[in-house]
Amino acid sequence: MPYIDVNGVELYVEIEGEGPPLLLIHGNGGNVSQMRKDREWLSRSFKTIAYDCRGHGRSEKPASYTLQDHIDDALALLDELGVGIAGVIGVSGGSYIAQGLAAAEPDRVTKLVLVVPRSHGAKSATRLFWERHAAETAGFSEAERMKFFMERVFSPAFVRRTDPRTLMELVRPEPALTPEETAAANRALERLDLRPALGRITAPTLVISGRLDGLNPPKLGRETASLIPNAQFVEMPNSGHGPSFEEPEAFAELVGRFLKS
């Protein structure tokens, strides 16, 4: 370690803490660095397993892959680590992988946390965002595009109080993906539709959305929760697409209480 060969692809893996295993799956275009602050408190009670999904971070980057590849990788990683059952937290694009994993092998998931999820969509949430706002952002510089994006994806209060460099690290963590790698990551999420499988999930499930989320708005999280038999839905009032860093104390209290219940 920290690299494990899974389904012919080397995945970068970080493991911390002792206790029941807890698999952490980052969002589309992200990597393990986005979940490090949460792992600080989660690792006090759990053995956290965080990894860069294929095509992301420090993991191997095939030219093409699918959501099913991501799901198969998550299950194979647990197998390689000798983990029979685990809790799972998936954030944004990682929540799609988590949904697929929990539906494919329901007996292996003890608790499921889906953060800012959706369960269907023709394209990745980021691509859909830019298509919706194409006319407004025509002619924008890259800096202007990122400012526009952050002000609509996160809560205005969070954007105002956060250093621009920190915001950029949250949106595009190092090592950043190239345009070609970003395109491959987005293609993997095209024609997403997990709805027919969600009824197979048996794990107690917590679905969290941010009221101000401009990527995966609360109605999509609420819909996802309604399709999972044993799910509860919580809308965080002062968050956008990043509840864990927009409302960190409330998020930690909510998720910690659920995982230990």
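The values are calculated or read from the model by the stated rules, or taken from the named source; none is laboratory data. Computed from a predicted model, the values in this text were never measured in an experiment. Virtual Cβ from ideal backbone geometry, glycine too; neighbours counted across all protein chains shown. Quick note on the areas: whole protein, heavy atoms, side chains included, nothing else; ligands and nucleic acids left out. Shrake-Rupley method; radii C 1.70, N 1.55, O 1.52, S 1.80 Å.
Determine whether LEU170 is at negative phi, among the aliphatic types (A, V, I, L, M) and open to solvent by 30 Å² or more (accessible area, probe 1.4 Å). Yes. On the stretch given as the stretch 5-38, residues that are over 22 Å from SER244 (Cα atoms) and either within 14 Å of the chain's Cα centre (by Cα) or buried (at least 18 other Cβ atoms within 10 Å of the Cβ) (or both) total 4.
If a residue has to be closer than 20 Å to LEU227 by Cβ and surrounded by fewer than 23 Cβ atoms within 10 Å (Cβ to Cβ) to count, how many in the stretch 111-127 make the cut? Break it down into steps so the answer makes sense when it comes.
First pass over the stretch 111-127, keeping only residues closer than 20 Å to LEU227 by Cβ: 111-122, 125.
Subsequent filtering for residues that are surrounded by fewer than 23 Cβ atoms within 10 Å (Cβ to Cβ) retains 111, 120-122.
Total meeting the criteria: 4.
Say whether the condition of being in contact with a Gly (Cβ under 7 Å, 6 or more places away or on another chain), outside any helix (DSSP H, G or I) and either free of Cβ contacts under 8 Å to residues at least 12 places away in the same chain or surrounded by fewer than 24 Cβ atoms within 10 Å (Cβ to Cβ) (or both) is met by at least one residue in the stretch 75-82. Steps first, answer last, please.
Going residue by residue through the stretch 75-82, those that are in contact with a Gly (Cβ under 7 Å, 6 or more places away or on another chain) are none.
No, that holds for no residue.
Of the residues making up the stretch 213-233, those that are part of a loop (DSSP other than H, G, I, E, B), in contact with a strand residue (DSSP E or B) (Cβ under 9 Å, 6 or more places away or on another chain) and either hydrophobic (A, V, I, L, M, F, W, C) or surrounded by fewer than 24 Cβ atoms within 10 Å (Cβ to Cβ) (or both) number 4. Quick one: in the stretch 131-146, of everything that is part of a helix (DSSP H, G or I) and in contact (Cβ under 8 Å) with a residue 12 or more places away in the chain, which residue is least open to solvent (accessible area, probe 1.4 Å)? The qualifying residue least open to solvent (accessible area, probe 1.4 Å) is MET146.
For the stretch 1-47, which residues satisfy the criterion of being over 26 Å from LEU192 (Cβ atoms) and part of a helix (DSSP H, G or I)? Of everything in the stretch 1-47, those that are over 26 Å from LEU192 (Cβ atoms) and part of a helix (DSSP H, G or I) turn out to be ARG36, LYS37, ARG39, GLU40, TRP41, LEU42.
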